[in-house]
Structures are given as structure tokens and as C-alpha cells.
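Let me begin by presenting the structure, written as C-alpha cells, before commenting on it.
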Amino acid sequence: MGGRTWLSFPVLFLAALPPALLRGAVGFKPSLDSDFTFTLPAGQKECFYQPMPLKASLEIEYQVLDGAGLDIDFHLTSPEGRTLVFEQRKSDGVHTVETEVGDYMFCFDNTFSTISEKESINSIKSRLSKSGQIQTLLRAFEARDRNIQESNFDRVNFWSVVNLTVMVVVSGIQVYMLKSLFEDKRKSRT
């Protein structure tokens with residue numbers, strides 16, 4: 001899934017039509033109102049062209065709906081190539097210009113975005129989730145090993161006390177036996 005920026009912008013084109021077409025409309029100017037949504041991948045630029053008559057009103061409204069930072073660069077260029085509007089890293093905008101005869105170019109530029117933040121966040125989220133699972137598993141291993149160590153500690157202490165008791169009893173018996181070997185049994189008969 002590449003980095004994408006979703007743009008939805010209603011583009012309002014107000015065109016001056018010849019008076020012959022306006023006979024029934026007093027006080028109103030006909031307009032062409034269009035809107036569309038498109039995907040602009042990370043690192044891409046998309047331009048659109050709109051032919052306009054003289055002295056009409058061109059209104060362009062855009063809004064970034066989805067994407068990394070919810071921002072986009074916007075350029076509006078006149079038919080002579082003059083930059084009328086240049087915005088960097090904006091999430092939305094509305095621009096109205098009085099037109100000249102010719103094709104107006106408006107571009108949406110996402111070349112500053114090299115990778116989608118959403119992909120990065122999803123990647124980090126999955127890695128953190130995996131790390132959490134591994135930590136839970138390691139905690140279980142650590143708890144099991146701690147219980148085994150405590151059990152071994154108790155057994156070692158118990159058998160150490162038993163061995164110490166046996167050694168004390170055996171040494172007492174040995175001392176008694178050695179004493180009895182060196183005792184003069186003749187003195188006790190008299």
C-alpha cells in the first residue's frame with residue numbers, strides 16, 4: 001500500500017455566457033460546478049487544466065481527506081504561466097480569481113511525502129504488538145523459571161539442614177566412641 005493522499009475538492013467554475021443564453025435569467029450568472037475525489041500517492045504530482053473565458057470567476061476549493069500529514073502543496077497558474085496561488089503543506093483552501101482567456105492549471109503536489117505516515121504507524125503498531133506478545137511470553141518463562149529456582153532453593157536448604165544435622169550427630173557419636181576407646185575400664189570396676 002503506497003502512501004496516498006485523498007483529495008476531495010469541489011471546483012466551482014463560474015463562466016460568463018453570451019447574453020443570448022441569459023434571456024430568462026435576470027441577475028444570475030450561469031456557473032459550472034464540479035467536484036471530484038482522487039488519490040494522490042506519496043511522491044507524486046497531479047495537475048488539472050480548465051479552459052476559462054475572459055472576465056469570469058474561477059473558484060477552487062480543495063480539502064485533503066486522508067493521508068500522512070493531511071497536507072498537500074497547491075499551485076494555481078494563469079494561462080500566461082504566472083503563479084497566482086502557491087500554498088505549501090495545507091490541508092484545505094479556497095481560492096477565487098478573475099480569469100483571462102485560456103487554460104488555467106492547478107496542481108496538487110505530494111512530492112515532499114516520501115512514505116506514508118499511516119504505513120509507518122501501522123508498521124510500528126504491528127511491531128509493538130509483536131513486542132508485547134514476546135514480552136508476555138518472556139514474562140511467563142521468567143515466572144516459571146523463578147518458581148523452579150525457588151523450589152530448588154528450598155530443596156537445597158532443606159537437604160543442607162539434614163546433612164548438617166547428620167554430620168553433627170555422627171561427629172557426636174564418633175567423639176563418644178573415641179572417648180570410650182580411651183577410657184580406662186579398670187577404674188570403673190573398683
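The values are calculated or read from the model by the stated rules, or taken from the named source; none is laboratory data. Computed from a prediction, not measured in an experiment: that's the story for all the values here. In this analysis, Cβ positions are derived from the backbone assuming ideal geometry, glycine residues included, and neighbour counts consider all displayed protein chains.
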Next item on the list: Name, by its number, the condition in (1) part of a strand (DSSP E or B); (2) surrounded by 14 or more Cβ atoms within 10 Å (Cβ to Cβ) that does not hold for Phe86.
Entry: (2)
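Can you pull out the strands (runs of 3 or more DSSP E) entirely within the range 1-80 that have at least 1 residues that are of a type in the set (A, V, I, L, M, F, W, C) and modelled with pLDDT under 50? Don't jump to the end; show me each part of the working.
Details: elements: 4-14, 31-41, 45-52, 57-66, 72-77.
By residue number, 4-14.
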Check: Given the structure, is Ser123 outside the structural domain of Thr77 (by TED's automatic domain parsing), under 30 Å from Gly69 (Cα atoms) and not β-branched (Val, Ile, Thr)?
Finding: yes
